[in-house]
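A short reminder: the numbers here are calculations on the coordinates, not readings from a lab. Please read these numbers as outputs of a predicted model, since none were measured by experiment. Heads up, the Cβs are rebuilt from the backbone with ideal geometry, glycines too, and the neighbour counts pull from every protein chain shown.
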Amino acid sequence: MDAILAFMIRENNAMTTKSSEDIQRETFLVDTVVIGAGVIGLAVARSLAQQGREVMVLESEYGIGMGTSSRNSEVIHAGIYYPSGSLKAQCCVEGKALLYQYCENHQVPYRRCGKLIVAANAEQERTLESLLDKAEANGVLDLQRLSRKQVSTLEPQLTAESALLSPSTGIIDSHRYMLALQGDIEDAGGMVVANSPVVGGRVEPGSIGEEGKITLFVGGEAPCHLRARCVINCTGILSSELLGSIDGYPTDALHRLYWAKGHYFSLAGQSPFRHLIYPVPEHGGLGIHLTLDMGGQARFGPDVQWVDAIDYDVSPDLIQKFRQHVATYWPAVMERELIPAYAGIRPKLSGPGDAAADFLIEAPRQTGVAGWFNLLGIESPGLTASLALAAKVAKSVAEYD
């Protein structure tokens, strides 16, 4: 039996006397629906389910975390790059501590390997100083300045005038993390339902605080309607498209999302580095950096390519571009083999040439729809910030009650 139908039957035993065909034609009542089973949607649903709410997570793909959440660097960030007082800064620093503790408690593989942010010239050294100031303003007090000699001692193959060492930066097995979040949701009585895209919906006029004003049209193998008291939109790069499909959602409350595609290449053979290696940041991203997976395999990326369509292809033609960027801090890359790996798309609230935008959490007061919440522009450091963001959303939903 379809998972949504099973969930509804579990919540309302009277439905068990009806056929599946009859039930599919009905509109079911659900307290809280989270749309999107990426790392943010799962973290939010976990927090809400652990508050005792009836929570259903709807995912259009056949499994969890198949979008942006599985197409990133899997880095636990320290909180260095973001303006003081921003949601990115606050949730990254808080989320880092929460995430390391969560990994310990749930046996999620991680490694606190540290990273080096390297300066290739005097101008970039000044950028390092500004990053140090930002980090200290955000409460990241463990950064260490390294001279050229100290850099060479730590990583002999690295070329840099100087660097910042971030010992609290790490890496995580993001899929194992998302599986643990799903387990927590289900342990708390919630449900994650795959192959269930939200293909539209409607919101009815009503005052903020009224219940049952949102209806979602769910597609998939067993289409149905869900009438929800609360909906949390965690659909990442598709957030704007989702809102545009909801009849009655205020058009003046819509936000444009820009898509920044990033490509990744794996390094053939053994990695020469023990730390993550980052250049100074560039517009739209953190530069083409070297990261490690839990098995020690090195990969490079992402770059920044602004796109208008979802396309995860990685062209081998980009290899020379990647080599040239990486050679500024590791010249030996010119002699090593790079293999196309994967690509991801970051949902950004700022476009080319714009100042970087903060995360955006919208409650009904901002959306203008009773019971509707949005998480928009959740790009890097969204993975690191996921548990802290979830706690903020859960608090906002509780206050809405």
| task | Please give every one of the lysines within straight-line cross-link reach of Lys134, meaning a C-alpha to C-alpha distance under 19 Å, and leave out same-chain neighbours fewer than 8 residues apart. | result | Lys88, Lys96, Lys115
| request: Among Ile232, Ser380, Ala398, pick out the residue whose Cα is farthest towards the positive end of the charge dipole of the chain, where Lys and Arg carry +1 and Asp and Glu carry -1 on C-beta, about the Cα centre. | output: Ser380
| said: Tell me the relative contact order for the chain as a rounded percent, counting alpha carbon contacts under 8 Å between residues six or more apart. | reply: 23 percent
| said: As I understand it, the value is the acute angle between the Cα axis of helix 39-49 and the longest principal axis of the Cα atoms of the chain; what does it come to in degrees, rounded to 10? | reply: 50 degrees
| said: Tell me the angle of helix 174-187 to the major Cα principal axis of the chain, expressed in degrees between 0 and 90 and rounded to the nearest ten. | reply: 30 degrees
| query | How far is helix 122-137 tilted, in degrees, relative to the longest principal axis of the Cα atoms in the chain, given as a value from 0 to 90 rounded to the nearest 10? | reply | 40 degrees
| task | Over region 262-401, calculate the relative contact order: mean separation of alpha carbon pairs under 8 Å at least 6 apart, over the residue count, as a percent. | result | 22 percent
| query | How large is the dipole of region 175-266 about the Cα centre if only Lys and Arg carry +1 and Asp and Glu carry -1, each at its Cβ, rounded to the nearest 20 debye? | reply | 260 debye
| note | With +1 on the Cβ of every Lys and Arg and -1 on the Cβ of every Asp and Glu, the dipole magnitude of the chain about its Cα centre, in debye rounded to the nearest 20, is 900 debye
| query | Which longest uninterrupted range of the chain lacks any chymotrypsin sites (Phe, Trp or Tyr not before Pro) assigned by DSSP to a loop state (not H, G, I, E or B) and surrounded by at most 16 other Cβ atoms within 10 Å? | reply | 63-311
| Within the chain, longest stretch clear of exposed GluC sites (Glu not before Pro) (DSSP loop, no more than 11 other Cβ within 10 Å) | 1-220
| field | Counted charge near Val326, where neighbours are those whose Cβ lies closer than 14 Å (Asp, Glu -1; Lys, Arg +1) | value | -1
| note | The summed charge of the Gln90 Cβ neighbourhood (under 14 Å; Lys/Arg +1, Asp/Glu -1) stands at +3
| query | How much net charge surrounds Glu125 when only other residues with a Cβ under 12 Å from its Cβ are counted (Lys, Arg +1; Asp, Glu -1)? | reply | 0
| remark: For percent of Cα pairs over 35 Å apart, with candidates [x] 37; [y] 32; [z] 29, the value calculated from the shown model is option [z]
| Per residue of the chain, what 222 nm ellipticity follows from adding -39500 (n - 2.57) for every DSSP H run with n ≥ 4, rounded to the nearest 500? | -9000 deg cm²/dmol
